[in-house]
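Peer 1: Got a structure for you, questions after.
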Amino acid sequence: MTTKPIDPTDTTRPGAPCAPLKASSPPAPTFEMRFTSTPRGARLARRLAAVRLDAWGIPYGTDPHDAIVLIVAELTANAVSHGHVPGRDFHLRLHTTPDGRTVRVEVTDTRTERHPRRPTAPEQTDGTDEAGRGLLLVSQLATRWDWHPRPDGPGKTVWAEYEQARATLRERNGHDPGVREQAAPAAESDRRTAETKRRTN
């Protein structure tokens, strides 16, 4: 009597236990788009950023929302005014860290010969170049900002980060930030935002 050889592909036989699959963290929310290097493009970028922040759980009318939208407005206005190259667009990227604590704004243009001054000495700005009043405002609103050459072509990317966003990202967007944020940001951040609003009105 012959016996049937064991089929190595037989899935009905017990085998070595499988390692449990690790649950992967959902990707951090990101919004990015190219816009025409015109005042209209800058306005559209600002409006879409405002809508996206609200969808992520940083609602209209809160200090974090207003501050981040102002940062977007200043960086995109600089891209149009100082980074404009005929026929070239600017690129906006808005994203958060996985825990929702930090929102980063990146604006990339294609002009290489004009660079903003490094943020180490904002008091040296004279209001006549790209490191004038706009970036001074950004330095007051953002936790940190800087710039670097564009890695995939001519131009540069100016970025700014805003920390301690008041609202957490909504779970309906597929994001669970885990630890809830405090109800209000640091007092210094509130003071700087209120002072900036008064200055721009």
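Peer 1: Any chance you could run the full-extension gain for residue 97 through residue 30? It's 0.36 nm times the residue separation minus the Cα-Cα distance, nm to one decimal.
Peer 2: On the way: separation 67, 0.36 × 67 = 24.12 nm, distance 0.95 nm.
Contour length minus the Cα-Cα distance gives 23.2 nm.
Peer 1: Multiply the residue separation of residue 148 and residue 55 by 0.36 nm, subtract the distance between their alpha-carbon atoms, and state the gained length in nm to one decimal.
Peer 2: Computed gain between residue 148 and residue 55 is 30.6 nm.
Peer 1: With a ≥ b ≥ c the root eigenvalues of the C-alpha gyration tensor of the stretch 42-116, is it rounded (a/c under 1.5), prolate (a/b larger than b/c) or oblate?
Peer 2: prolate
Peer 1: How much length, in nm to one decimal, is gained on full extension between residue 115 and residue 85, taken as 0.36 nm per residue of separation minus their Cα-Cα distance?
Peer 2: 9.4 nm is the gain from fully extending residue 115 to residue 85.
Every number in this text was worked out from the coordinates using simple rules, so none of it is lab data. Only a predicted model underlies this, so the values are computations on that prediction, with no experimental measurement involved.
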